[in-house]
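Peer 1: This structure is in structure tokens; I'll ask about it shortly.
Every number in this text was worked out from the coordinates using simple rules, so none of it is lab data. Here the structure is a predicted model, which means the values were calculated and not measured. Positions of Cβ are generated from backbone atoms using ideal geometry, with glycine treated the same way; all protein chains shown enter the neighbour counts.
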Amino acid sequence: MASAPGFFSLSLLNIAERSSGIQKIHPTDPLAVQLVDAAGLRHACDLDLLLFFSRHPRVVLSSEQLAAYVGYDLVEVARALDLLLGAGLLKRTLNHGTPGRMYVLEVDHAEEWLEPLRRVCATPDGRNALRTLLRERRSQMGTPAGDPSHRRLSGARP
Amino acid sequence: MPERDLVKTGIAGVDDILAGGLLRGSVVLVEGTAGTGKTTMGIEFIYRGATEFSEPGLIVLFEVSPDKLVRDAALFGWDLPELERQGRLKIVFTTRQVFQQEVQQADSLLLDEAAAIGARRIFVDGLVRRPPGNGDTGRNTPEAFHLLAEGLQRERLTAMIGVEVAASEGPGASLPEEFIADTVIHLRVEAMERAAQRSIEIVKARGQDYRMGRHSFSIVDGRGIEVYRRVQAPRELAREEAAAYDTSTRVTTGVPGLDEMMNGGYFLGSTTLVVGITGSGKSVMALQYIAEGARRGERSIMLTLDEPRAQVLRNAATIGIDLNPSIDKGLVRLVYDRPQEIEIDRHFLQLEKMVKEFRPRRAVIDSLSTYGSSLGPTGRSFRDFFHAVVALMKEHQVTTLYNHENPELLGMSSVMGPFGVSSLVDNVILLNWVELADTFRQALTIAKMRANAFDRATRECEIVNGQGMRVLPRQIPPDATRRLAFWEYFSLVARSPERHGHRAAG
């Protein structure tokens, strides 16, 4: 995950250089693989949620609103949130009086690969390539793409 | 009277029209249709607070994503991510529904965020105006807005709230929210012929003075919002009183022969209108006036709307005046402003700034007719503008010539035609062509000079290449062409010159 900088520090410069001039990327492209691994992404929803928080680094939303913004069902979003929270990429504050939760992207932990990831995903082709890669990985692992995890995630409210 | 705790917005010109700033803890509605500058104003309010007044701030967004806001702010040189890193700013994205619920909570996440950085200001972008009676009994009712205002007030935050109004509705129709808010600001983009002009109007500012009316503003790349107080806004009485001119000090005209006609020149701080058809020598007179000032070491401004700077310098050279050394020495400022679609409030503010900073003794405005073309001669705009310029120049004791093109070829039936501002000036000089025999000859008449006995005769003048204009003596000996002096005629300016005792030669 993102909290292990040594894992991808050697290839970061390469990622940044390649992504700055990227035109088209294939799911098997080493850059796509590097970015997905560096971010620790497992599902397409993880990617889209991360991209949403990179555009909106401090939000106060209900779970339903967050799901509506990223376009996945509540269970899937809850699982992805758990992943990002567990990786320390995201901080969440609850307020029991209202349905709003505050999510703050901990940019400092992620900034080495976040910008290259954002640049690649700035085009439909780039984003689709990464989503395809994630789906293919899920298929190889025997889990259908988009199939929500049945784990109950900490703090996530369906 | 206790001193009021004013919050300066820091936005250029806004604190001026707010008579110093906003009262701390105010809830300010900034209303306008899409594209009127609400978001820019709100961001600048927060940015200036954080950077210039050590007041951290919170920005709450509903529609614009924070990364777009950061990108747009960068165009003005505002580095919002850096402010976030320094803990002086937080940008929060939420929905209207959650926001309304949050600020009503005693332990609101949003207000906790504000408190965490010691925020003193908040900007909420994108509340939507709900006209009364639309059946909305939920979160966008006046009651909900009242609760919002209470929540903000509890935290002692000075709040600016951007309110989107429909283009069909426009700001102006009073809504219940306006009664609850402390200050209401309307932003507009108004059609001016085929152009558009931004305006800002403070329609309410509870507990404080403000300058009423619609003031112009611009959104300037690299700087942000700049508000230009409308030129018609009344000035302070003390400034008007300072405008009385000194009747003991004369300012020389630079035109040989003219000082004699005026008993020594213009009074210091006086206003002189030079009227004539095109080519009658108005600009030449103006250039000589400026050059005379430079020769005496006096600072001068020449504001030209008719001719670009290079053209003015070239024209000056043809009459033997090289203005460049005086410009280089800082004695002369030659300023050209394009007359097309002139924004009169901005233009006046720049002129006022220049007069205050440069402190000229002499000034030339060339020409009033061009302002008339921009503002329209018949409405109050032109007269109010001219009045403001005259007051400004008098207050600073700047002796000013205003050129005005009169369309009449021979003589004049009216000094200013439809403009009707000659009563505002101290002196009027008419430059005319008079047709005698087969020749147009140049005539100069002082039609008005306040508080001074002057030569009322119409005198011949001439412009000579390399030398400029001079007023000829009244008695001139007939030259080789047997021309007679003007004094031998009457009705020169009345378009029917006749020689005493004879019909004029024709």
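Peer 1: How would A:Met141, B:Met285 line up from fewest to most surrounding beta-carbon atoms within 10 angstrom?
Peer 2: A:Met141, B:Met285
Peer 1: Just grab the label-to-label distance for B:Arg309 and B:Ala453, each label 7 Å out from Cα along the Cβ direction, in nm (one decimal).
Peer 2: 4.6
Peer 1: Here is a further query. Tell me the relative contact order for chain B as a rounded percent, counting alpha carbon contacts under 8 Å between residues six or more apart. The partial results should precede the final answer.
Peer 2: Values: 1013 pairs, mean separation 67.3, N = 506.
Value for chain B: 13 percent.
Peer 1: While we're looking at this one, here's another question. Under the definition of Cα pairs under 8 Å and six or more residues apart, what whole-number percent is the relative contact order of the stretch B:243-353? If you can, show how the numbers build up before the last one.
Peer 2: On the way: 115 pairs, mean separation 24.0, N = 111.
The normalised contact order for the stretch B:243-353 reaches 22 percent.
Peer 1: Which order results if B:Arg188, B:Arg338 are arranged by neighbouring Cβ count within 10 Å, fewest first?
Peer 2: Working: B:Arg188 20, B:Arg338 8.
Ascending number of Cβ neighbours within 10 Å: B:Arg338, B:Arg188.
Peer 1: Same structure, new question: Residues with amide H under 5 Å of B:Arg296's amide H, sequence separation 5 or more or different chain, H placed in the peptide plane at 1.01 Å from N; which?
Peer 2: HN-HN under 5 Å from B:Arg296: empty list.
Peer 1: If I stretch the segment between B:His500 and B:Glu193 completely, what's the gain in nm (0.36 nm per residue apart, minus their alpha carbon distance), one decimal? Please report the intermediate quantities before stating the final value.
Peer 2: Values: separation 307, 0.36 × 307 = 110.52 nm, distance 5.27 nm.
Computed gain between B:His500 and B:Glu193 is 105.3 nm.
Peer 1: If you don't mind, another one. Of all DSSP beta bridges in the stretch B:6-228, what percent run antiparallel (nearest 5)? The partial results should precede the final answer.
Peer 2: Details: 20 of 48 bridges.
Here the share of antiparallel DSSP bridges comes out near 40 percent.
Peer 1: Right, something else. For chain B, what does the helix formula give at 222 nm: sum of -39500 (n - 2.57) over DSSP H segments with n ≥ 4, over the residue count, nearest 500 deg cm²/dmol?
Peer 2: Details: 16 runs with 145 residues, N = 506.
Taken over chain B, the calculation gives -8000 deg cm²/dmol.
Peer 1: State the extension gain, in nm to one decimal, for the chain segment bounded by B:His387 and B:Glu63, taking 0.36 nm per residue of separation less the distance between their alpha-carbons.
Peer 2: Working: separation 324, 0.36 × 324 = 116.64 nm, distance 4.54 nm.
Taking B:His387 through B:Glu63 to full extension adds about 112.1 nm, to one decimal.
Peer 1: Post the alpha-carbon centroid distance, the stretch B:72-104 to the stretch B:1-71, in whole angstrom.
Peer 2: That distance is 13 Å.
Peer 1: Considering just Cα atoms, how many Å³ per residue does the convex hull of chain B enclose?
Peer 2: Working: hull volume 88.6 nm³, N = 506.
Looking at chain B, the number lands at 175 Å³ per residue.
Peer 1: Roughly how crowded by other chains is peptide B:88-97, in terms of the mean Cβ count from those chains within 10 Å of each of its Cβ atoms? Before the final figure, lay out the partial values.
Peer 2: Numbers: counts 0, 0, 3, 4, 7, 11, 9, 9, 0, 6.
That average works out to 5.
Peer 1: For the charge dipole of chain B, defined by +1 on Lys and Arg C-beta atoms and -1 on Asp and Glu C-beta atoms about the Cα centroid, which residue among B:Ala159, B:Leu287, B:Ser65 has the Cα displaced farthest towards the positive pole?
Peer 2: B:Leu287
Peer 1: While we're on this one: So, in nm, how far is label B:Thr247 from label B:Arg223 when the simple model puts each one 7 Å beyond its Cα toward the Cβ?
Peer 2: Going from the B:Thr247 label point to the B:Arg223 one covers 4.2 nm.
Peer 1: Fewest Cβ neighbours within 10 Å first, please rank A:Thr132, B:Thr439, B:Thr158 accordingly.
Peer 2: On the way: A:Thr132 16, B:Thr439 11, B:Thr158 29.
Listing A:Thr132, B:Thr439, B:Thr158 from fewest to most nearby Cβ atoms yields B:Thr439, A:Thr132, B:Thr158.
Peer 1: Let me ask something additional. Specify the angular offset, from 0 to 90 degrees and rounded to the nearest 10, of the alpha carbon long axis of helix B:282-295 from the longest principal axis of the alpha carbons in chain B.
Peer 2: 80
Peer 1: When Cβ neighbours within 10 Å are restricted to other protein chains, what is their mean count per residue of peptide B:104-115?
Peer 2: Details: counts 2, 5, 1, 4, 5, 9, 5, 0, 3, 5, 0, 0.
Per-residue shielding by partner chains comes out at 3.
Peer 1: Provide the FRET efficiency to the nearest 0.05 for the B:Asp107-A:Ala122 pair, computing r from the beta carbons and using R0 = 45 Å. Please list the in-between numbers first.
Peer 2: Numbers: r = 38 Å, r/R0 = 0.85.
Working from the Cβ atoms, E equals 0.70.
Peer 1: Using a Förster radius of 35 Å, what is the FRET efficiency between A:Thr93 and B:Ala19 based on their Cβ-Cβ separation? Nearest 0.05, please. Walk me through the numbers before you get to the answer.
Peer 2: Values: r = 41 Å, r/R0 = 1.17.
It comes out at approximately 0.30.
Peer 1: For B:61-71, what's the mean count of beta carbons from other chains sitting within 10 Å of each residue's beta carbon? Don't skip to the end; give the middle numbers.
Peer 2: Working: counts 3, 0, 0, 0, 4, 6, 5, 1, 0, 1, 0.
For peptide B:61-71, the averaged partner shielding equals 2.
Peer 1: Looking only at GluC sites (Glu not before Pro) in DSSP loops with at most 16 other Cβ atoms within 10 Å, what is the longest site-free stretch of chain B?
Peer 2: For GluC sites (Glu not before Pro) (loop position, at most 16 other Cβ atoms within 10 Å), the longest site-free span of chain B is B:64-168.
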